[in-house]
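The next block holds one structure in the form of structure tokens; read it before the comments.
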Amino acid sequence: MAMTLGWSINQSGGEMMISLVVTVRAKEGREEDYARISGEFGRHIEANRKGCILFRTYRTDDPAEFITIEHFESEADLRAHQAHEETLASLDRLKDVLDGTLNIREFKQEQQV
């Protein structure tokens, strides 16, 4: 599961918030396992990881499809989250319940006018 992420630098040289939308499908019969693992991980990350503003998983109208929305204060915070041993361990746990790969879209915060 490779992740490709990006970031934006604002005109004053400071980093801008980065958001990710991750879409996944759980294997048939493993939907509740995915929901449990992702929910536990998301609550932990949102409460404890530096720079995490929001980390929530939602189920779509398709019971096997899930969308996770992540907001981090900066690219540095996101990179630290990605490299953290808990993140890597969680991704490893999810391999057995995922049907396919992660579809990751990234979004940058626009300049405030």
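Just so you know, all these numbers are worked out from the coordinates, no wet-lab data involved. Bear in mind that the values here come from a model prediction, so they are computed numbers and not experimental data. FYI the Cβ positions are ideal-geometry reconstructions off the backbone, even for glycines, and counts take in every protein chain you see.
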key: Estimated dipole of the range 18-108 in Debye, rounded to 20 [Cβ of Lys and Arg +1, of Asp and Glu -1, Cα centre]   = 180
key: Cα-projected label distance for Leu102 with Ala89, points at 7 Å along beta-carbon direction, nm   = 1.7
ask   = Lys/Arg Cβ at +1, Asp/Glu Cβ at -1, dipole of the range 47-113 taken about the Cα centre: which of Leu94, Ile69, Leu54 is farthest positive-ward?
value = Leu54
query = Lys27: which lysines have alpha carbons under 22 Å from its alpha carbon, excluding same-chain residues fewer than 8 sequence positions away?
reply = Lys95
request  = Provide the per-residue ³J(HN,Hα) series for the range 96-101, in order, calculated from phi with Karplus coefficients 6.51, -1.76, 1.60 and θ = phi - 60°, each as a whole number of Hz, with x at glycine and proline positions.
outcome  = 6, 10, 7, 9, x, 9
task = Using DSSP to define loop residues, name the GluC sites (Glu not before Pro) in the range 14-62 whose beta-carbon has at most 13 other beta-carbon atoms within 10 Å.
result = Glu28
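Label the range 51-107 by shape, choosing from rounded, prolate and oblate, from the square roots a ≥ b ≥ c of the eigenvalues of the Cα gyration tensor; if a/c is under 1.5 it is rounded, and otherwise prolate applies when a/b is larger than b/c, oblate when it is not.
Oblate shape, in that a/c is at least 1.5 and b/c is the bigger or equal ratio.
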